[in-house]
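Report on the following structure.
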Amino acid sequence: MDYKQINKLLDNLQNPKNNKALKFIEKIEGHQGVDTRNGDGYQGEYNEYSEIFQVISDPETFIRFTYQTDSYGDNESISDIKFVKGTKKIIEVFEPIK
């Protein structure tokens, strides 16, 4: 990846869904330490989720944006940005025989 591509990816990081160099793939829930129904949370607690985006110019490259709230479940901000790769995993589920 060259610097021009990296600069395109860095444009509009506060709202990556509006970044034309990225394609939204999925949202993944993370730590949920604040009850958002009533805003109750202990000091230092937070809610967290990640959004995965594909780099349009390089379909094998993905970026994960991780968001966190404060202990009231408000004031969401980006807490981490990382390049990631998709790894396929086989999950075996055991279900009742009918």
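Here the chain is treated as an ellipsoid with the same Cα gyration tensor; its semi-axes, largest first and in whole Å, are 28, 24, 10. Taking a straight Cα-Cα cut-off under 28 Å and skipping sequence neighbours fewer than 8 places away in the same chain, the lysines within cross-link reach of Lys98 are Lys89.
A simple spin-label model places pseudo-atoms 7 Å from Cα toward Cβ; at Asn12 and Asp74 they are separated by 2.8 nm.
Where a number appears in this text, it was derived from the coordinates with a stated rule and is not lab data. Treat the numbers as computed from the prediction; the structure is a model and nothing was measured. No Cβ is skipped: glycine too gets one built from the backbone with ideal geometry, and neighbour counts run over all protein chains shown.
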